[in-house]
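> Before I ask anything, here is the structure I am working with.
The values are calculated or read from the model by the stated rules, or taken from the named source; none is laboratory data. Nothing here was measured: the structure is a model prediction, and the numbers come from that model. Cβ sites come from the backbone with ideal geometry, for glycine too, and all protein chains shown count toward neighbours.
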């Protein structure tokens, strides 16, 4: 689902001036590889500053004999600032060139925000959680669509470790493990970078920072924030490391405690089960040795565990910094 608009401009509107206004509004030319009749340009706006954008705003400009047409589009997950930019674009185009526009709300009617703008830290943490949600979703789609043939692709153990080691299902599940850990790691690294940016107590983290030449170059080019560059110098795979890193921001920010709380009356906590999951990942990546007991039920448990663990961490950070966590993605 998306939010779209169409601005119909008079014949007097000049395309060159229209493109100049779009550039002044912060849009950058983009290419989608499609040849659309009458379309002379596509543009995209995305504001990374203060975590304002979630999905950005798209613009297409069309040449027409009776006057140009401009369409805008933002996806359903748009942020408050994406919506504001889309409204601003419609207003300025109409103010400068005349004509009229139509949105989902009606003719010459702007969209209204449903709520007040969130705190930048809340936005940064939400974007990290949303990206994790999408990443985990890709793994689940992969599992729903993969197919195996042949008697060796058993869904349960054969009872012989040697035979299980030849099972393509086991190999596929172990292949997925590094990806799952990478998605997990990116969530915590991104959340740490956001918390570091707005934390009042970050001296300990700054003292531990290890910036490489590559990190400094990315910061200089503007592709990374300094907080993200610092976060890249820390490990966020093992829960032990994650808990230690967040305590650098404040000893009271105890994510480890959230992960050690009882879960489904299991003897093993989420903290310990994910520690083992990361260890299995390391063994597989660095030695090629597989966990031959990692059948589909165990994989589904792993996916569920890291999702619950991330939700606990998200809620822990939100409670500490005083914002309401959002799961509207």
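> When region 262-271 is examined, which residues are found to be touching a residue at least 40 places away in the same chain (Cβ under 8 Å) and surrounded by 20 or more Cβ atoms within 10 Å (Cβ to Cβ)?
Correct list: 270 only.
So that you can scan it fast, the table gives a plain yes or no per residue for (1) closer than 17 Å to residue 85 by Cβ; (2) within 26 Å of the chain's Cα centre (by Cα); (3) not assigned by TED's automatic domain parsing to the domain that holds residue 67:
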| site | (1), (2), (3) |
| --- | --- |
| 12 | no, no, no |
| 22 | yes, no, no |
| 27 | yes, yes, no |
| 32 | no, yes, no |
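> Would you point out the residue of region 95-141, among those that are in contact with a strand residue (DSSP E or B) (Cβ under 9 Å, 6 or more places away or on another chain) and assigned to a strand (DSSP E or B), that is surrounded by the fewest Cβ atoms within 10 Å (Cβ to Cβ)?
107
> Please find, among 253, 211, 259, 248, the residue that is in a loop (DSSP other than H, G, I, E, B) and touching a residue at least 40 places away in the same chain (Cβ under 8 Å).
Being in a loop (DSSP other than H, G, I, E, B) and touching a residue at least 40 places away in the same chain (Cβ under 8 Å) holds for just one of 253, 211, 259, 248, which is 253.
> From 255, 274, grab the single residue that is farther than 25 Å from residue 155 by Cα and crowded, with 18+ Cβ neighbours inside 10 Å.
So the residue among 255, 274 that is farther than 25 Å from residue 155 by Cα and crowded, with 18+ Cβ neighbours inside 10 Å is 255.
> For residue 67, all conditions in the list (1) out of contact with any helix residue (DSSP H, G or I) (no Cβ under 9 Å at 6 or more places or on another chain); (2) closer than 22 Å to residue 16 by Cα; (3) surrounded by fewer than 19 Cβ atoms within 10 Å (Cβ to Cβ) hold save one; what is the number of the exception?
Of the numbered conditions (1) out of contact with any helix residue (DSSP H, G or I) (no Cβ under 9 Å at 6 or more places or on another chain); (2) closer than 22 Å to residue 16 by Cα; (3) surrounded by fewer than 19 Cβ atoms within 10 Å (Cβ to Cβ), the odd one out for residue 67 is (1).
> Further question: Please go through region 35-57 and pick out each residue that is farther than 30 Å from residue 192 by Cα and touching a residue at least 12 places away in the same chain (Cβ under 8 Å).
36, 38, 39, 40, 41, 42, 43
> For residue 32, which of the numbered conditions (1) in a loop (DSSP other than H, G, I, E, B); (2) in contact (Cβ under 8 Å) with a residue 60 or more places away in the chain; (3) in contact with a strand residue (DSSP E or B) (Cβ under 9 Å, 6 or more places away or on another chain) fails to hold?
All conditions pass for residue 32, except number (2).
> I'm trying to understand the selection: among the residues of region 289-304, which are under 19 Å from the mean Cα position of the chain (by Cα) and free of Cβ contacts under 8 Å to residues at least 60 places away in the same chain?
Passing the criteria: only 304.
> If the requirement is being in contact (Cβ under 8 Å) with a residue 24 or more places away in the chain, closer than 30 Å to residue 168 by Cβ and in contact with a helix residue (DSSP H, G or I) (Cβ under 7 Å, 6 or more places away or on another chain), which of these qualifies: 285, 317, 324?
285
> Here is a follow-up. Taking region 49-74 only, how many residues are within 25 Å of the chain's Cα centre (by Cα) and not in a strand (DSSP E or B)?
Total meeting the criteria: 8.
> Quick one: which residue in 77, 33, 41, 26 is more than 24 Å from residue 107 (Cβ to Cβ), surrounded by fewer than 19 Cβ atoms within 10 Å (Cβ to Cβ) and at pLDDT 95 or above?
26
> Follow-up question, since we're still on this one. Looking at (1) assigned to a helix (DSSP H, G or I); (2) surrounded by 14 or more Cβ atoms within 10 Å (Cβ to Cβ), which is the only condition residue 144 fails?
Among (1) assigned to a helix (DSSP H, G or I); (2) surrounded by 14 or more Cβ atoms within 10 Å (Cβ to Cβ), residue 144 violates only (2).
> While we're here: Going residue by residue through region 75-84, is there one that turns out to be without any contact (Cβ under 8 Å) to a residue 40 or more places away in the chain, under 22 Å from residue 315 (Cα atoms) and more than 15 Å from the chain's Cα centre (by Cα)?
yes
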